[in-house]
Amino acid sequence: MHTFRIGGIHPPANKLSAGRPIETIAPPAAVVIPLGQHIGAPAVATVTRGDKVRVGTLIGKAGGFVSANVHSSVSGTVVKVDSMTDGSGMPRPAVYISVEGDEWEPDIDRSETLVRECDLPSAEIIGKIENAGIVGMGGATFPTKIKLLPPPGNSAEVLVVNAAECEPYLTADHALMLEKGGQIMAGTAILMKSVNTGRAIIGIECNKPDAIDRMTRLAAEYRGIEIMPLKTKYPQGGEKQLIDAVMRRRVKSGALPISVGAVVQNAGTVHAVYEAVMKNKPLVERVITVTGKDVARPSNFLARIGTPISALVAAAGGMPENTGKIIAGGPMMGRALINADAPVTKGSSGILLLTAGESVRRQARDCIRCAKCVTACPMGLEPSLLMNLTEYGIWDGAEKNRIADCIECGSCSYTCPAARPLLDYIRLGKSAVAGIIRARKN
């Protein structure tokens, strides 16, 4: 069974919402749509107070090369363009919209008819993806159009579709493959055309046998698309780990996947690409898992961007009384939210409600030099050393020991018997070193 060759762990899967159908959440009475739902510069607002918008109306224009357009997910009236407090407590620019009905832009095809053949040239495909504001929907939110424009001297040999969904609890991509597998397959063919490659590999972990079976049957109708079952191991969904698993090639430190001939796209992103290119539909909604051991109805919801997370929690049966923490994402790479009124964004793959008991950190103790964190690290780093270098501010040492290569998967903290906050310190160290590198370039 294929898998990556360095490190990795096996946390409990807890796929409580697996097999649950996708349920559509009705638009709320009002939405707050952030203008920075992607890596890079926030979009620049193109609407002002009092403007009328439909579903699909452009409300934010990409603010730079590494940026993405933002569209209204509802129809109604713009209340204001102002700052909002995001789930981490930071102020972000956003558009506030009062919902009135559900009127869509007339050129959006809302039918369920599957359109397989795309006769557009590569440049037009990429242009439609850019206009629709598509970003990586696995959580990274990197603008998709940039991945489809390799730097000079590089070309794509293989399109790798990340359908591993290795993060515990999350099942949004799993549900999407079961219900929208045809659209994902057509989207894969579109992306193959956009990067001029005749080969695609869709990697799915073997704890999703129904998805593997369905996608394998669908792939038989397409030339050059292979479904590759993968051993269940975290963090298989990391770009470099997935490339190692399916192509047996390793991306060097500091290099991009295209350096080994790979372009990687998440399964949800591929579905959004299909809708953008074949249906003229911007990225205005997404599938998101709401789950937790004490959640009454762990579910997969199709929700509009800007919907308050509290509305999804209510649809899943409400907030359990013993909830200790709300996580945006999964338990390994997710971030704690300061409140449940934060909006759904393009990168919202899941909402995890941890119980009070699960939320309590164990008391950190002295490192016992067991090297379990080193064994678990999928990037071949020394997490204990990087934590120490960060703690004492030894930034040149942290940079030399490749702190920038950390993918923040949390494998080190998970496996540490001394409960040391390895990832917390490494995140701080990465930020500091990144600032030093930027200053050096300027």
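Overview of values
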{"read-out": "At R0 = 35 Å, FRET efficiency that the Cβ-Cβ distance of T232 and A356 yields, to 0.05", "value": "0.75"}
{"read-out": "I436 accessible area, 1.4 Å probe, all protein chains in place, Å² to nearest 10", "value": "70 Å²"}
{"read-out": "For the chain, built as a Gaussian network whose Cα springs stay under 10 Å, the top-fluctuating residue of N154, N69, N131", "value": "N154"}
{"read-out": "Per residue accessible area in Å² of the chain, where ligands, DNA and RNA are left out and the probe is 1.4 Å", "value": "43 Å²"}
{"read-out": "Per-residue ³J(HN,Hα) for segment 272-278, Karplus 6.51 cos²θ - 1.76 cosθ + 1.60, θ = phi - 60°, Hz, x for Gly and Pro", "value": "5, 4, 4, 5, 5, 7, 9"}
{"read-out": "Unit Cα scatterers, Debye sum, the chain: log10 I(q)/I(0) for q = 0.09, 0.11 Å⁻¹", "value": "-0.57, -0.87"}
{"read-out": "Accessible area of segment 172-326 belonging to carbon and sulfur atoms, whole % at 1.4 Å probe", "value": "50 percent"}
{"read-out": "Summed side-chain charge close to A296 - residues other than A296 whose Cβ falls under 15 Å, Lys, Arg +1, Asp, Glu -1", "value": "0"}
{"read-out": "Sequence-separation-based contact order of segment 123-209, relative, with Cα cut under 8 Å and 6+ spacing, percent", "value": "35 percent"}
{"read-out": "In sequence order, calculated HN-Hα J values of segment 332-339 (Karplus, 6.51, -1.76, 1.60; Hz; x Gly/Pro)", "value": "8, 10, x, 10, 5, 9, 7, 7"}
{"read-out": "Relative contact order computed over segment 62-211 (Cα-Cα under 8 Å; 6+ residues apart), in percent", "value": "22 percent"}
{"read-out": "Pairwise FRET efficiency - E321 versus S98, Cβ, R0 = 45 Å, nearest 0.05", "value": "0.90"}
{"read-out": "Sequence of D213, D424 when ordered by accessible area, the most exposed leading, probe 1.4 angstrom", "value": "D213, D424"}
{"read-out": "Modelled FRET efficiency - R0 25 Å, E112 with T216, Cβ distances, 0.05 increments", "value": "0.65"}
{"read-out": "Gaussian network model of the chain, springs between alpha carbon atoms under 10 Å - residue of N280, N401, N162 with greatest fluctuation", "value": "N401"}
{"read-out": "Cleavage-rule hits (GluC sites (Glu not before Pro)) in segment 335-442: DSSP loop, at most 12 neighbouring Cβ within 10 angstrom", "value": "none"}
{"read-out": "Segment 87-242: C-alpha gyration tensor shape, a/c 1.5 cut-off, then a/b vs b/c", "value": "rounded"}
{"read-out": "Once the Cα gyration tensor of segment 382-441 is diagonalised, semi-axes √(5λ) in Å", "value": "21, 11, 8"}
{"read-out": "Area accessible to solvent at R365, 1.4 Å probe radius, in Å²", "value": "130 Å²"}
{"read-out": "Cα gyration tensor of segment 151-247 - equivalent ellipsoid semi-axes, whole Å, descending", "value": "21, 17, 11"}
{"read-out": "Cα gyration tensor, segment 88-133 - rounded (a/c under 1.5), prolate or oblate", "value": "oblate"}
{"read-out": "Label point distance in nm, F65-K80, each placed 7 Å from Cα along Cα→Cβ", "value": "3.7 nm"}
{"read-out": "Translational diffusion of segment 1-74, µm² s⁻¹ [Kirkwood Rh, Cα pairs; Stokes-Einstein; 25 °C; 0.890 mPa s]", "value": "151 µm²/s"}
{"read-out": "Distant alpha-carbon pairs in segment 34-154 (separation over 26 angstrom), percent", "value": "28 percent"}
{"read-out": "K252 versus D424: modelled label distance in nm, points set 7 Å from Cα along the beta carbon direction", "value": "3.7 nm"}
{"read-out": "Segment 272-405, Rg to Rh (Cα coordinates; Rh as Kirkwood inverse mean 1/r)", "value": "1.10"}
{"read-out": "Cut-off under 5 Å, modelled amide H: who pairs with M228 long-range", "value": "I202, G203, I204"}
{"read-out": "Taking the chain and dividing mean pair separation by its residue count, relative contact order in percent (alpha carbons under 8 Å, at least six apart)", "value": "19 percent"}
{"read-out": "Karplus-derived 3J(HN,Hα), 6.51/-1.76/1.60, for each residue of segment 159-172, Hz, glycine and proline x", "value": "8, 9, 9, 7, 10, 5, 6, 7, 4, x, 6, 6, 9, 4"}
{"read-out": "Orphan Cys of the chain, criterion: no other Cys C-beta under 4.7 Å", "value": "C118, C166, C206, C367, C370, C377, C406, C409, C416"}
{"read-out": "Shape category assigned to segment 235-347 from the gyration tensor of Cα positions, a/c cut at 1.5", "value": "oblate"}
{"read-out": "The chain: most fluctuating residue of T24, T171, T291 per GNM, C-alpha cutoff 10 Å", "value": "T24"}
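The values are calculated or read from the model by the stated rules, or taken from the named source; none is laboratory data. Predicted, not measured: the structure shown is a model, and the values here were computed from it. Glycine gets a Cβ as well: all are built from the backbone with ideal geometry, and neighbour counts include every protein chain shown. Protein only, heavy atoms only, side chains kept; ligands, DNA and RNA dropped before computing areas. Shrake-Rupley method; radii C 1.70, N 1.55, O 1.52, S 1.80 Å.
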